[in-house]
Amino acid sequence: MSSAAHPAADPGAPIFLVGFMASGKTTVGKLVAARLGWTFEDLDDLVTAGAGATVPEIFAREGEAGFRRREGAAVRAAAGLRRAVIATGGGAACRDENLEAMRAAGRVVALRVSAEEAVRRAGKASGRPLLDGQADPVGAARELLATRDRFYARAHVRIETEGQSPDEIADAVLTALGFRAPGGGG
């Protein structure tokens, strides 16, 4: 785990979990929210609710550019939330305007995972439009992660997920953000 100094944030400022697909953002986000007594939001759910379509349907209908526009609007809306943990899609933090909106509104935590582990966790039919149908999913994931990692590196905190349980990762997130140690109340 590494952490860069994060801005002195309002204790109720949102926590954004960013990182590559299958890094555990949703699972860990729900655990962190429950431990804090906060709400949990999945950015993709906010996008799909607004579009009335699934992520693959949005990609098919509007392309990646259309999805990213909708995602940017959802990031701006989520930035106004308080006492919320927001799990973002893998690409949400990979646009400067989205990442800066998250950084300005609250705390950004990147969950690290290797391309190989991400593909293993996601499975064959991952439901991830940028990975499904690839002849070499691990190679495609490596290339995608290589382009995205520079954005994830700008998070306030980075946490390794491999070899750790979701509970251990949630504990690491809370500790890195300065919340009381697990078991000590929050």
So which residues in segment 77-128 are among the hydrophobic types (A, V, I, L, M, F, W, C) and within 17 Å of residue 144 (Cβ to Cβ), if there are any at all?
-> 92, 93, 94, 99, 110, 111, 113, 115, 118, 119, 122
What's the number of the condition residue 43 fails, among (1) of a type outside the set (Gly, Ala, Ser); (2) touching a strand residue (DSSP E or B) at 6+ places or on another chain (Cβ under 9 Å); (3) over 23 Å from residue 121 (Cβ atoms)?
-> (3)
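Residue by residue, here is whether (1) part of a loop (DSSP other than H, G, I, E, B); (2) touching a His at 6+ places or on another chain (Cβ under 8 Å); (3) modelled with pLDDT of 95 or more holds:
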site: 116; (1), (2), (3): no, no, no
site: 120; (1), (2), (3): no, no, no
site: 125; (1), (2), (3): yes, no, no
site: 130; (1), (2), (3): yes, no, no
site: 172; (1), (2), (3): no, no, yes
Some residue of segment 85-94 being surrounded by 14 or more Cβ atoms within 10 Å (Cβ to Cβ) and more than 12 Å from the chain's Cα centre (by Cα) = no
Among the candidates 12, 63, which residue alone is of a type outside the set (Phe, Trp, Tyr), surrounded by fewer than 24 Cβ atoms within 10 Å (Cβ to Cβ) and touching a residue at least 24 places away in the same chain (Cβ under 8 Å)?
-> 12
Got at least one residue in segment 37-44 being touching a Phe, Trp or Tyr at 6+ places or on another chain (Cβ under 9 Å), surrounded by 14 or more Cβ atoms within 10 Å (Cβ to Cβ) and among the aromatic types (Phe, Trp, Tyr)?
-> no
Any pair with Cβ under 6 angstrom, 6 or more apart, that starts in segment 98-117 at a residue that is under 14 Å from residue 152 (Cβ atoms) and ends at one that is in a helix (DSSP H, G or I) and of a type in the set (Phe, Trp, Tyr) = 99/151; 110/152
Of the numbered conditions (1) of a type in the set (A, V, I, L, M, F, W, C); (2) at pLDDT 95 or above; (3) out of contact with any helix residue (DSSP H, G or I) (no Cβ under 7 Å at 6 or more places or on another chain); (4) not in a loop (DSSP other than H, G, I, E, B), residue 151 satisfies every one except a single condition; which is it?
-> (3)
Pair list, Cβ under 6 Å, 6 or more apart: segment 27-47 residue closer than 15 Å to residue 72 by Cα, other residue of a type in the set (Val, Ile, Thr) and part of a helix (DSSP H, G or I) = 42/26; 44/55
Of the residues that sit in segment 17-36 and are at pLDDT 95 or above and among the hydrophobic types (A, V, I, L, M, F, W, C), which one is surrounded by the fewest Cβ atoms within 10 Å (Cβ to Cβ)?
-> 34
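The values are calculated or read from the model by the stated rules, or taken from the named source; none is laboratory data. Here the structure is a predicted model, which is why all the values come from computation and not from measurement. Don't worry about glycine lacking a Cβ; one is built from the backbone with ideal geometry, like all the others, and counts go over all protein chains shown.
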